[in-house]
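Participant: Before we start, here is the structure in question, set down as structure tokens.
The values are calculated or read from the model by the stated rules, or taken from the named source; none is laboratory data. These numbers come from a predicted model, not from an experiment. FYI the Cβ positions are ideal-geometry reconstructions off the backbone, even for glycines, and counts take in every protein chain you see.
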Amino acid sequence: MSKNTKNPNPITKRKAVKISATLASPALIGSGESENTDSDVLIGYDGTPYLPGTSLAGVMRSKLPDDDAGDLFGDDVMRGKRMSALWVMDSKFVNPKIIELDGVALNYENKVAKKGEKYDYEAVERGTTFTVRLMLVIREKDDGEKLERLLNSLLSEFISGNVGVGAKTNRGFGRVECKADDILYKTFDFKEDGKKALADYERFKWSDVDGWEEAKDLSDANTLDDAITYRLRLKGGIMIRDARNIVDGEDYRHISSPSPLNNEPEPVIYGTSWAGAFRSGLYKLLKPKYKNKTAEYLNNFFGYVDKNTGKPCPSKIKFDMSILEKETNYDGFRTVTRVKIDRFTGGAVDGALFKETPWYGGTTTLTARYPKGCNEIKSLLYLAIDALDKGILTVGGETAIGRGVFKLIKEGSNE
């Protein structure tokens, strides 16, 4: 046995980071099982949903260029394998509520549901809290300053709302929300503090209350996505059907999500609906220019699944979930009874009486995120926003009877 047992690349510093995070929208943490729905939530040994560290590490890695990602998360390169410098632990959700959601694929030319493409899935409800735990391990041969800079860049993504966990994050699901003072760290500098740092690390527990410092210099870190945000006012009603959470004999009502504050249903517009509306609206606006290649052109930005290989190409545009807020006492859910009329006789169609509850009025916030510096996407979004403001681009169903029409709220205007 060789007498030379000295580590050729010893650890010189460890940095523990703890983030108190909240789900700003439902998270689709799929288990691969389909006992309850088409996609069930991942459950731990104790029956509680959790977020695997591998999933979060993958999300964070995708935020960095390949070379930087290799430095922080490790890779297998020609010169040999590099270990990950950033350890990402599993996160357990606190008092989670599992909900079931429905989805359907629409033909973006006429917004009619595609045959056989109705699905449902479980999700961890918004407002659920959890703790993200990260450990940066810096070795003697590492560029420590670069690793800490890359970590700060990722932490700034959390603060900016650009991190999503689970499936369909490009459609606003699983968006993680936290503030700068929700991020704490402890540093163990073995090179500077020697045995004291080693003793402190040996006593370290993630549950420790004392000794944490607030993260600094994150406001100067470069975020990796650009975003546009607009305040909108709903002109009339909106109907995105929810057939699960119906009351009082309704056939369906506008979709809602329980408020994290009082569990009361709040009307929402998921990112899937925004994406479908924008894609459909842009398709109609651009078809005179791109003719039969319009769908192919938009696929580059909104994502698609290759029909031959089945391989998905992710969307470059991400839409956050929007919550509709009351602006006046007249805003809210209203139940309407309707009947289908036979267009030949003018009489009611037998058995076609139904009751629905749209949401009327109020305001909301639309946020769309896209890769930094992509001016073509920015131009497309501005075109769609202009069409939305003019009532050309509408959201949800029953748009033929005036539903889903929005107006931009302009500063100093009552429109």
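Participant: Would you call K216 more than 22 Å from the chain's Cα centre (by Cα) and either over 18 Å from A21 (Cα atoms) or in contact (Cβ under 8 Å) with a residue 12 or more places away in the chain (or both)?
Facilitator: no
Participant: Can you tell me which residues in segment 374-413 are in a loop (DSSP other than H, G, I, E, B), surrounded by fewer than 21 Cβ atoms within 10 Å (Cβ to Cβ) and under 23 Å from the mean Cα position of the chain (by Cα)?
Facilitator: Matches in segment 374-413: C374 only.
Participant: Considering only segment 290-298, I want to know if a residue exists there that is of a type in the set (D, E), assigned by TED's automatic domain parsing to the domain that holds I238 and in a helix (DSSP H, G or I).
Facilitator: yes
Participant: Give the residue that is farthest from Y121 (Cα to Cα), with candidates limited to residues of segment 228-282 that are of a type in the set (D, E) and either assigned to a loop (DSSP other than H, G, I, E, B) or in the same structural domain as A123 (by TED's automatic domain parsing) (or both).
Facilitator: Within segment 228-282, the match that is farthest from Y121 (Cα to Cα) is D248.
Participant: Could you list all residues from segment 299-345 that are assigned to a helix (DSSP H, G or I) and among the polar types (S, T, N, Q)?
Facilitator: N299, N300 - these are the residues of segment 299-345 that are assigned to a helix (DSSP H, G or I) and among the polar types (S, T, N, Q).
Participant: Considering segment 175-189 alone, what residues qualify as being at pLDDT 90 or above and either surrounded by 21 or more Cβ atoms within 10 Å (Cβ to Cβ) or in contact with a helix residue (DSSP H, G or I) (Cβ under 6 Å, 6 or more places away or on another chain) (or both)?
Facilitator: R175, V176, C178, I183, F188, D189 - these are the residues of segment 175-189 that are at pLDDT 90 or above and either surrounded by 21 or more Cβ atoms within 10 Å (Cβ to Cβ) or in contact with a helix residue (DSSP H, G or I) (Cβ under 6 Å, 6 or more places away or on another chain) (or both).
Participant: Additional query: Mind checking which residues of segment 219-250 are under 24 Å from the mean Cα position of the chain (by Cα), among the β-branched types (V, I, T) and either at positive phi or modelled with pLDDT under 85 (or both)?
Facilitator: The one that is under 24 Å from the mean Cα position of the chain (by Cα), among the β-branched types (V, I, T) and either at positive phi or modelled with pLDDT under 85 (or both): T223.
Participant: Let me ask something else. Would you please name the residue that is farthest from the chain's Cα centre (by Cα), looking only at residues in segment 251-303 that are at pLDDT below 90 and among the aliphatic types (A, V, I, L, M)?
Facilitator: Among those residues, the one meeting the criterion is A295.
Participant: Another question, then. Among the residues of segment 118-139, which ones are assigned to a strand (DSSP E or B) and over 24 Å from V17 (Cβ atoms)?
Facilitator: If the condition is that a residue be assigned to a strand (DSSP E or B) and over 24 Å from V17 (Cβ atoms), then K118, Y119, D120, Y121, E122, A123 are the ones that fit.
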